[in-house]
Amino acid sequence: MRSRRLLAAALGAGLIVTGSALAAPPEDRVLSIEQYTTEKGRALGQKYAAALRELNAGIYHCMPWVGVEKEGIGFFRPRHMDSAVRYLSLRITVDQAPSQEFAQWPVERRASAMFSRYVGPLLRRMTAAAGLLSDSMLDGFTVIIDWLQPLQSGAQSVTETIAVFIEKRPVSDYVAGRAMTRDLAQRAVVFGYDGKTALGQLKVAGWEDNFVKTFHVANYQPEPGVTCR
Amino acid sequence: MRRTQLHMLLIGAALFVTAGCANSEEWQIWRSNPTHFASGDHITFSMRNKEGEPARVTRGDVELARQQNWFGKAVTVSQEELLEK
């Protein structure tokens, strides 16, 4: 009897610990300082450590249908660029019901839709840190978006991915209200992937999409003390 | 007298053994539904939300669903292919 009570107490404590641990975003979403391979990357990572944690927390609590990937936030070098370049990068997976209709669109239209829906709002969050946009060490921004393709029966699920690279100037213009999403799209370099297969550079169009501002997960309640704008 | 006592003891023992146990049909149903709650976390979600009331979904619920990998591990491009640390 005593051992049963102890087991019940242990299980209860486990659930409480699990619940409270999940009330905060996982810390491994932000690249740790010791993992940077250059001095510039490390310096940026240290300088904006608090801002990156805040970016992670903001997405975790206020965009619950979106998951930041492990080590998905950091000052990375885009592989196709010069070794000295550092972009603030964010990789997310969007939990959206795989749609046959969406999947039948041409790849550039799908890429344009995901670009228009997510890139602008994420850039606003990424540029929220004071002084970041005027920091001479920072060269630009990367937003990588993954989403699931409709599942083929019996097959492993496959994501579709766009990797968006934009220099700092067009992003500054966008967040200051001097440019629209279509202008951002014109200045962005976008690569597409079907699972692991590279689709090459995609020409995307951008348009205004207020989904992120207006969408709410049914019955979702942010943790106490969290305010989403 | 002694024999009667032995019978009573056996009947009592049989009742005791079967009283708290499911019969074979009940076990069959239980075995065919082994994961009514996939995890202890689903129990807490179900206890918090009762039928007829609007469900309350927390960030923890959403994260648990993701962690329990409901969609399975997907084939995707690795981050190392796109970015360098």
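Residue-by-condition table, conditions (1) away from chain B (no Cβ under 13 Å); (2) part of a helix (DSSP H, G or I):
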position	(1), (2)
A:S112	yes, yes
A:L122	yes, yes
A:G131	yes, no
A:S136	yes, no
A:D146	no, no
A:Q152	no, no
A:T159	no, no
A:P170	yes, yes
A:G177	yes, no
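Scanning the range A:67-90 for residues that are more than 10 Å from every other protein chain (Cβ to nearest Cβ) and part of a strand (DSSP E or B), we see that the one that is surrounded by the fewest Cβ atoms within 10 Å (Cβ to Cβ) is A:V68. Scanning the range A:179-202 for residues that are closer than 11 Å to A:F115 by Cα and more than 14 Å from chain B (Cβ to nearest Cβ) yields a count of 5. For the range A:203-229, filtered to residues that are free of Cβ contacts under 8 Å to residues at least 12 places away in the same chain and of a type in the set (S, T, Y), the residue that is nearest to the other protein chains (Cβ to nearest Cβ) is A:T227. On inspection, A:R110 qualifies as buried (at least 18 other Cβ atoms within 10 Å of the Cβ) and over 21 Å from A:S32 (Cα atoms). Every condition in (1) in contact with an Asp or Glu (Cβ under 9 Å, 6 or more places away or on another chain); (2) closer than 27 Å to A:P25 by Cα; (3) among the aliphatic types (A, V, I, L, M) holds for A:A218 except the one numbered (1).
Scanning the range A:200-219 for residues that are surrounded by fewer than 17 Cβ atoms within 10 Å (Cβ to Cβ), in a strand (DSSP E or B) and of a type outside the set (G, A, S) yields a total of 1.
The set of residues in the range B:54-72 that are among the charged types (D, E, K, R) and at pLDDT 70 or above comprises B:R56, B:R59, B:D61, B:E63. Taking the listed residues A:A57, A:A50, the one that is over 22 Å from A:F191 (Cβ atoms), within 11 Å of chain B (Cβ to nearest Cβ) and hydrophobic (A, V, I, L, M, F, W, C) is A:A57, with no other qualifying. For the range A:162-171, the criterion of being within 23 Å of A:F76 (Cα to Cα), of a type in the set (G, A, S) and more than 19 Å from the chain's Cα centre (by Cα) is met by no residue. Of the residues making up the range A:128-143, those that are among the hydroxyl-bearing types (S, T, Y) and buried (at least 20 other Cβ atoms within 10 Å of the Cβ) number 1. Taken over the range A:151-176, the criterion of being under 18 Å from A:A103 (Cα atoms), at pLDDT 95 or above and hydroxyl-bearing (S, T, Y) is satisfied by A:T161 alone. Across the range A:157-185, the number of residues qualifying as more than 22 Å from A:P106 (Cα to Cα) and of a type outside the set (F, W, Y) comes to 14.
The values are calculated or read from the model by the stated rules, or taken from the named source; none is laboratory data. None of these values were measured; they are calculated from a predicted model. Cβ atoms come from the backbone with ideal geometry, glycine included; neighbour counts cover every protein chain shown.
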